[in-house]
1. Looking at the range 128-140, can you tell me whether even one residue there is among the basic types (Lys, Arg), more than 12 Å from Gly22 (Cα to Cα) and without any contact (Cβ under 8 Å) to a residue 40 or more places away in the chain?
2. If you go through the range 370-386 one residue at a time, do you hit one that is touching a Leu at 6+ places or on another chain (Cβ under 6 Å), of a type in the set (Ser, Thr, Tyr) and touching a residue at least 40 places away in the same chain (Cβ under 8 Å)?
3. Would you point out the residue of the range 370-418, among those that are over 26 Å from Lys335 (Cβ atoms) and outside any helix (DSSP H, G or I), that is nearest to the chain's Cα centre (by Cα)?
4. Name every residue in the range 3-33 that is among the basic types (Lys, Arg) and either over 12 Å from the mean Cα position of the chain (by Cα) or on the phi > 0 side of the Ramachandran plot (or both), in order of residue number.
5. Inspect all residues belonging to the range 353-360 and state whether any of them is assigned to a helix (DSSP H, G or I), buried (at least 17 other Cβ atoms within 10 Å of the Cβ), modelled with pLDDT of 95 or more and among the aliphatic types (A, V, I, L, M).
6. In this structure, is Ser210 over 20 Å from the mean Cα position of the chain (by Cα), among the small types (Gly, Ala, Ser) and within 24 Å of Gln285 (Cα to Cα)?
7. Only one of these conditions is not met by Ser176: (1) more than 24 Å from the chain's Cα centre (by Cα); (2) assigned to a loop (DSSP other than H, G, I, E, B). Which number is it?
8. Could you count how many residues in the range 324-347 are in contact with a Pro (Cβ under 6 Å, 6 or more places away or on another chain) and open to solvent by less than 10 Å² (accessible area, probe 1.4 Å)?
Amino acid sequence: MHPLTNLIKNDMKPAHGVTEPGAIAFAVAAAREHLRGPLATITVELNSGLYKNAFTCGIPGCEESGNLFAAALGGVWGDSAKGLEILSGVGARERGKAHTLIAEGRVQVLLKDISSDIFIRATVTSATDTVILEIKDSHTQIHKIIVNDTVIFEENRETSAEKASATAAITNYSLSEFVDYVEGVPTGELEFITDAFILNMDLFDEGLRSDRTTFIKYLFEKNGNQIISENEEDTALLLGVGAIEARVLGLNKPAMSITGSGAHGIIATLPLYGVYKAGDYKKEQVLRATALSFLTCMYIKEYSGKLSAFCGCAIAAGCGAACGLSYLKGGSIEKIENTINNFASGITGMICDGGNQGCVMKGVTAIDSAFRASAFALKGLHIDAKHGILGSTPEATMKNMGRIASPGMTATEGEIVRIMEEK
């Protein structure tokens, strides 16, 4: 199996609800499992990205939202072995228990620092025990567990470095190598990507059925009251934005995440799937285009950080979708490079103000920008590399896109959090 296939497979994971509330609940539940006796208190410390993303975010199976409620649910529900699907199956009983914990003042969530690096410290207590569990680097990567001042688990530094190195390995490749890979890899080796289409379309279908969604209904009507029409762009917009809306509202279906984000996974896949279903393309073509979309998104995110002040869903995944679209439509490597320049010259710098309903509009912008960037490039129109943040190579441009977020927007991140807390 090709190393790039392994990189994609290892990164592509189901996530139930927006990733950050799931990560918070996972951390609390994993810590709770080391307590003797009934839970007394929960304190969760978060880096700004996690704090912001979960601030008003919908939670699966719940009308409630936000990081405080996610932490409370982790205290009363869930098996940490489920990872980011830990919140699946939450019902009225668990919601009631979570409300009680909050009402009694037994749950608090604190902002630790302004950072694009993932960090969660969950501290849970009982009458006899205090358990501290830390997560770093990825949403479910347990770094340390301390029970009553005794460290019972600490991630091996070499293991941690190996994981980081494996993820960063994507930056050792060039765009041309990505394209060579997607053109040459056996189709069967990419068949697993079908799982992303299925999972994300199930989420879309849930959104279309729900009486809580609104944007998806409008886009469905605009698409002729059909899911798949002959209009590629309207179909792509309906699928991508519809699944995003279902996700941020907390509807009870998982998404297939990439780079730790279900929204990234949706934008990187469903617009391409929509074009494939609406147009005259073969499944093999959309599998290859989506692999390129994933790799482009992963490359940019390696420089921007997992959680930062810019909208990775729109910028990293949107750029991936744009490249995949140009590939799907027969674009050469030069056209794909120009697609990146067009896209990078547009929405790079769009802020992330958390996982919330506003992600719907960011999804609209991302998909629209992907189509425009690709269409211009395929017609031979592009922004020259001498302008703005564009680099002399596509790799340099993607790296520069990431740099805008981290370290470039660190001060912006702090200001976003302050604005959210002032409400």
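The values are calculated or read from the model by the stated rules, or taken from the named source; none is laboratory data. Only a predicted model underlies this, so the values are computations on that prediction, with no experimental measurement involved. Positions of Cβ are generated from backbone atoms using ideal geometry, with glycine treated the same way; all protein chains shown enter the neighbour counts. Ligands, DNA and RNA are stripped out before the accessible areas are found, and what is left, the full protein with its side chains, is counted by its heavy atoms. Shrake-Rupley method; radii C 1.70, N 1.55, O 1.52, S 1.80 Å.
1. Of all residues in the range 128-140, those among the basic types (Lys, Arg) come to 136.
With more than 12 Å from Gly22 (Cα to Cα) added as a condition, the list becomes 136.
Checking the rest, the ones that are also without any contact (Cβ under 8 Å) to a residue 40 or more places away in the chain come to 136.
Yes, the range 128-140 contains a residue that is among the basic types (Lys, Arg), more than 12 Å from Gly22 (Cα to Cα) and without any contact (Cβ under 8 Å) to a residue 40 or more places away in the chain.
2. Checked against the condition, which is being touching a Leu at 6+ places or on another chain (Cβ under 6 Å), of a type in the set (Ser, Thr, Tyr) and touching a residue at least 40 places away in the same chain (Cβ under 8 Å), the range 370-386 yields at least one hit.
3. This residue is Ser406.
4. If we filter the range 3-33 for residues that are among the basic types (Lys, Arg), which is where we start, we get 9, 13, 32.
Residues satisfying the conditions are Lys9, Arg32.
5. Step one: of the range 353-360, the residues assigned to a helix (DSSP H, G or I) are 359-360.
With buried (at least 17 other Cβ atoms within 10 Å of the Cβ) added as a condition, the list becomes 359-360.
Subset that is modelled with pLDDT of 95 or more: 359-360.
If we keep only those that are among the aliphatic types (A, V, I, L, M) too, we end up with 360.
Taking every residue of the range 353-360 in turn, at least one turns out to be assigned to a helix (DSSP H, G or I), buried (at least 17 other Cβ atoms within 10 Å of the Cβ), modelled with pLDDT of 95 or more and among the aliphatic types (A, V, I, L, M).
6. Working: over 20 Å from the mean Cα position of the chain (by Cα): yes; among the small types (Gly, Ala, Ser): yes; within 24 Å of Gln285 (Cα to Cα): no.
Taking the combined requirement at face value, the residue does not satisfy it.
7. For Ser176, the exception is condition (2).
8. Here is the first cut: in the range 324-347, the ones in contact with a Pro (Cβ under 6 Å, 6 or more places away or on another chain) are 337, 340.
Add one more test, that the residue is open to solvent by less than 10 Å² (accessible area, probe 1.4 Å), and what stays is 340.
Of the residues in the range 324-347, 1 are in contact with a Pro (Cβ under 6 Å, 6 or more places away or on another chain) and open to solvent by less than 10 Å² (accessible area, probe 1.4 Å).
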